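Right, one structure below, let's go through it.
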Amino acid sequence: AQTVTQSQPEMSVQEAETVTLSCTYDTSENNYYLFWYKQPPSRQMILVIRQEAYKQQNATENRFSVNFQKAAKSFSLKISDSQLGDTAMYFCAFMSPTGTASKLTFGTGTRLQVTL
Amino acid sequence: GAGVSQSPSNKVTEKGKDVELRCDPISGHTALYWYRQRLGQGLEFLIYFQGNSAPDKSGLPSDRFSAERTGESVSTLTIQRTQQEDSAVYLCASSLVFLETQYFGPGTRLLVL
């Protein structure tokens with residue numbers, strides 16, 4: 001079974017600074033998908049970024065980018081120019097293309113606080 | 001609709017009562033998922049529907065939990081004889097097809113007294 005580990009329960013960053021959230025995972029599969037989701041206090045899970053394991057290029061979405069290290073099974077999220085609206089829980093998630101359900105396996109989350 | 005919607009937003013019930021939670025997926029999305037999020041934890045997969053195929057119920061924690069979906073429309077998650085440990089946020093997600101990105105609803109917060 002796949003597992004996802006987020007070792008940073010809480011992090012804080014000042015507005016306009018850069019912060020990196022860590023995520024490691026365990027799988028025996030070669031092809032899979034990785035995600036970062038953001039969950040603000042409103043509870044809505046919002047997709048931040050998606051990475052396909054077969055792609056060597058790291059995914060980027062505006063201020064958000066990932067550092068995908070397949071051999072190390074590491075998938076960190078970098079947030080540049082942090083904004084107050086980035087304050088939220090961030091969840092790393094894994095999806096396997098095998099089996100009948102493309103379910104997401106989530107880490108326990110990192111609570112990010114952006115301060116003035 | 002524009003996104004996944006869920007109702008009710010909050011539900012308080014007494015131990016032993018049955019509850020029904022509803023999810024309206026994004027129009028045209030064939031895949032629908034239910035997850036449970038206990039306080040301070042990540043999401044746990046409960047059940048998956050894909051079109052008219054048999055659902056994947058491998059994540060349901062007990063036989064008190066069941067879910068239905070008619071075609072590619074609304075889904076309901078039913079919890080019978082609720083227990084205090086059922087208190088959690090129940091999140092629904094849908095995706096266009098298998099392996100596509102899942103989009104989440106705002107969840108239903110269930111509190112069992």
Rg to Rh, two decimals, where chain A supplies the alpha carbon set and Rh follows Kirkwood
0.96
Short version: ³J(HN,Hα) in whole Hz for each residue of the stretch A:65-76, in order, from phi by Karplus 6.51 cos²θ - 1.76 cosθ + 1.60 (θ = phi - 60°), x for Gly and Pro, what are they?
9, 10, 10, 9, 10, 5, 5, 7, 6, 10, 8, 8
Interchain or sequence-distant (5+) residues whose placed amide H lies within less than 5 Å of the amide H of A:Met11 are A:Arg111, A:Leu112, A:Gln113
In Hz, Karplus ³J(HN,Hα) per residue of the stretch B:34-40 (6.51, -1.76, 1.60; θ = phi - 60°; x = Gly, Pro)
10, 10, 10, 10, 7, 3, x
Could you sort out which of A:Lys55/A:Lys78; A:Lys38/A:Lys103; A:Lys78/B:Lys57 sit more than 28 Å apart by Cα distance in this structure?
A:Lys78/B:Lys57
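Can you compute the charge dipole magnitude of the stretch A:1-64 about its Cα centre, using +1 on each Lys and Arg Cβ and -1 on each Asp and Glu Cβ, nothing else charged? Give it in debye, rounded to the nearest 20.
Rounded to the nearest 20 debye, it is 200 debye.
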Nothing charged except the Cβ atoms of Lys and Arg (+1) and of Asp and Glu (-1): what's the magnitude of the dipole of chain B about its Cα centre? Round to the nearest 20 debye.
300
Leaving out ligands and nucleic acids, note down the accessible area per residue over the protein assembly as shown with a 1.4 angstrom probe, in whole Å².
48
Tabulate in residue order the Karplus-calculated ³J(HN,Hα) for the stretch B:14-19, using 6.51 cos²θ - 1.76 cosθ + 1.60 with θ = phi - 60°, rounded to whole Hz; enter x for Gly and Pro.
8, 3, x, 7, 8, 10
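In square nanometres, what is the average projected area of the Cα convex hull of the stretch A:10-62?
Mean projected area for the stretch A:10-62: 5.3 nm², to one decimal.
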In whole angstrom, the spacing between the Cα centers of the stretch A:53-116 and the stretch B:72-107 equals 22
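If I compute solvent accessible area with a 1.4 Å probe over the protein chains, what percent of it on chain A is carbon and sulfur?
46
Once you average over the residues of B:88-101, how many Cβ atoms of partner chains fall within 10 Å of each Cβ?
Mean number of neighbouring Cβ atoms from other chains: 2.
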Starting with the highest mean, order B:99-109, B:50-60 by the number of other Cβ atoms within 10 Å, averaged over the residues of each peptide.
B:99-109, B:50-60
Using only the alpha carbon atoms of the stretch B:57-99, find the Kirkwood hydrodynamic radius as the inverse mean reciprocal pair distance, in angstroms to one decimal.
12.3
What number comes out for the charge environment of A:Tyr90, summing +1 per Lys or Arg and -1 per Asp or Glu over other residues with Cβ under 15 Å away?
+3
Can you give the log10 of the normalised intensity I(q)/I(0) at q = 0.14, 0.26 Å⁻¹, computed with Debye over equal Cα scatterers of the stretch B:6-67?
-0.49, -1.39
Under the definition of partner shielding as Cβ atoms of other protein chains within 10 Å of a residue Cβ, what is the mean value for peptide B:102-113?
3
Peptide A:43-55: average number of partner chain Cβ atoms within 10 Å per residue?
3
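May I ask for the equivalent-ellipsoid semi-axes of chain B, computed as the square root of five times each C-alpha gyration tensor eigenvalue and listed largest first in whole Å?
Details: eigenvalues 103, 40, 31 Å².
Here the semi-axes work out to 23, 14, 13 Å.
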At q = 0.11, 0.14, 0.16 Å⁻¹, base-10 log of I(q)/I(0) for the protein assembly as shown (Debye sum, equal scatterers on each alpha carbon):
-0.56, -0.89, -1.14
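The values are calculated or read from the model by the stated rules, or taken from the named source; none is laboratory data. Fair warning: this is a prediction, and the values are worked out from it, not measured in the lab. For neighbour counting, all protein chains shown are included, and Cβ atoms are generated from backbone atoms with ideal geometry for every residue, glycine included. SASA here: full protein model, heavy atoms, side chains in, ligands and nucleic acids out. Shrake-Rupley method; radii C 1.70, N 1.55, O 1.52, S 1.80 Å.
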